[in-house]
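What follows is calculated from the coordinates using simple rules that are stated; it is not laboratory data. Bear in mind that the values here come from a model prediction, so they are computed numbers and not experimental data. Backbone-built Cβ (ideal geometry, glycine too); neighbour counts: all protein chains shown.
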Amino acid sequence: MAAIRRSMESQGFVDIWTPSLTKGTPEGARDFLVPVRLQPGNFFALAQSPQLFKQLFMIAGFDRYYQIATCWRDEDLRADRQFEFRQLDVELAFAEREDVLNALESAVVASFEALGREPPARPFPRLSWHEAMSKYGSDKPDLRFGLAIQDATEATRGSEFGVFANAPVVRFLVAPRSFSRAELERLETVAKEWGAKGLAYLVHDESGEVRSPIAKFLSEAELAAFSAEPGSTVLFAAGDEAQVARVLGGLRTHLGRELELPDRTREAFLWILDFPLFEWDEDGQRWTFVHHPFTGVVPGHEELMETDPGAALSQAYDLVWNGWELGSGSIRIHRPDVQARVFRALGMSDEEAREKFGFLLEALRMGAPPHGGFALGIDRFIALLAGESNIRDVTAFPKTASGSDPMTGAPAPTTQERLDELGISVKVPKAD
């Protein structure tokens, strides 16, 4: 932590605290609500991030802000998630993407050097989101091993194998092992967990013989397109592009773990760039943001927000280390008209936007500099530096999977007197 602070301050950043008690905003997770005794019926939300505060700092005239911020999100707990967590929060005025990436790379390198470890080479490698999904089936790929996804769409046009012939996209990866029938059945189960209906394959035995129930449907040209070394297995996915990426990405991650493919002597840092601005929410039947609604639009893509929202790209970027997402950032929207258009593209009326974000829109109208920032998950970063896969192992007094604190017994019921004082009535759901 000291190395991170020294790095940020040597780059001219100023440490400024922001409120923890704030107003709930659509950050993508549930808020922790705090009742206010002096204002019965009103609630604070514990800050999910200092996002809007740091943007307001830039509008107010600060040019380089940072903070080791504590954030709260009411999400299901897992290996890389706790209710409360720390993040290195950064924002720069008059900044382009490279300025933000360089600042974060400096902090990461300083952390390695402080521990006496060989720092990763700079600049960190970069991939666009589309490249990462096409090649690795993930927006946080582990680059310590290969197993890249390859395209077979053109090679299978007109195939006698109907699954390939009728699919919009056909892709495959080559696993460095000839699997048995039982192993292939287990891999099919993994593929189905990621949305596949089945798993087509070609096993290349050590003798060079091809073993597969679909081989008889494939032409010589198709088999040549899927050629692989003896002792390997070609695994296919066919369907729409998103489904194929999801299935093969899941298989790639599974195989990397099961076959111990990652090179443990390497540290693979990677920037993922040019994310989609919006994604379709099937439950709500509407477009929603991929990162947050203040993410800048790639210049020239503003019109796509209304005409083709799914094609609009954002100026967002993620930092990935060994297959873990360390954090996210973006160049922000600094024009009030563009911010209002994003809110409308999300299905928000002008009145609703003013009610929720009127203070931000008004501040933008005063004149805002181009600005951008980033938030790096300190808990995840420390866990990876320590060689731990679960942030609980580097967290003081962590919560259990059910969200409890075994040390203090929290959370716990309170007294009726306290509830009455706050004007709160508790309704406990009945157990199923």
Practice item. Using a 10 Å cut-off on Cβ atoms, rank the peptides 84-91, 202-209, 410-417 from the highest mean neighbour count down. Key: 84-91, 202-209, 410-417
Point to revise | Relative contact order, percent, segment 145-258 [alpha-carbon distance under 8 Å, six or more residues apart] | key: 35 percent
Check your understanding: Near Val247, within a Cβ-to-Cβ distance under 14 Å, what is the net charge of the other residues, with Lys and Arg +1 and Asp and Glu -1?
Key -> +1
Review point. Using a Gaussian network model of the chain with C-alpha springs under 10 Å, which one of Leu235, Leu419, Leu21 is most mobile by mean-square fluctuation?
Key: Leu419
Point to revise | Additional length obtainable on full extension of the chain from Val34 to Val210, 0.36 nm per residue less Cα span | key: 57.0 nm
Check your understanding: Roughly what angle does helix 336-345 make with the longest principal axis of the chain, taking Cα atoms, 0 to 90 degrees, to the nearest 10?
Key -> 60 degrees
Revision key, fill the gap. Along the dipole axis of segment 301-348 (charges at Cβ: +1 for Lys and Arg, -1 for Asp and Glu; origin at the Cα centre), the most positive-end residue among Leu319, Pro336, Thr307 is Pro336
Review point. Which order do peptides 122-133, 320-331, 300-311 fall in by mean Cβ count within 10 Å, highest first?
Key: 320-331, 122-133, 300-311
Point to revise | Proximal aspartates and glutamates relative to Lys192, as straight alpha-carbon distance under 18 Å, when same-chain residues fewer than 8 apart are discounted | key: Glu183, Asp240, Glu241, Glu258
Check your understanding: Can you give the helix-only mean residue ellipticity at 222 nm for the chain, where every DSSP H stretch with n ≥ 4 adds -39500 (n - 2.57) and the sum goes over all residues, rounded to the nearest 500 deg cm²/dmol?
Key -> -9000 deg cm²/dmol
Point to revise | Computed lengthening from Trp17 to Ala311, 0.36 nm per intervening residue step minus Cα-Cα distance | key: 102.1 nm
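For a quick check: sort Met366, Met1 by the number of other beta carbons within 10 angstrom, fewest at the front.
Values: Met366 9, Met1 12.
Fewest-to-most ranking of Met366, Met1: Met366, Met1.
Cβ neighbours within 10 Å, averaged per peptide: list 279-289, 52-62, 172-182 in order, most packed at the top.
Ranking the peptides 279-289, 52-62, 172-182 by packing returns 52-62, 172-182, 279-289.
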Check your understanding: How far apart, in nm, are two points set 7 Å out from the Cα along the Cα-to-Cβ line at Arg365 and at Asp74?
Key -> 3.3 nm
Practice item. For a footprinting-style exposure proxy, rank Lys427, Lys192, Lys399, Lys216 by other Cβ within 10 Å, fewest first. Key: Lys427, Lys216, Lys192, Lys399
Exercise for review: Treat the count of other C-beta atoms within 10 Å as a stand-in for reagent exposure and order Lys197, Lys135 from fewest to most.
Suggested key: Lys197, Lys135
Study note, to complete from the structure: Longest principal axis of the chain (C-alpha) makes with the long axis of helix 350-365 (C-alpha) an angle, in degrees to the nearest 10, of 80 degrees
Revision key, fill the gap. Subtracting the Cα-Cα distance of Arg186 and Ile424 from 0.36 nm times their residue separation yields 80.6 nm
Point to revise | Degrees between helix 181-193 axis and first principal axis of the chain (Cα, 0 to 90, nearest 10) | key: 30 degrees
Check your understanding: FRET efficiency for Glu193 and Ala121, Cβ-Cβ distance as r, R0 = 30 Å, nearest 0.05?
Key -> 0.25
Point to revise | Leading residue at positive end of dipole, the chain (Cβ point charges), from Tyr66, Ser404, Gln48 | key: Ser404
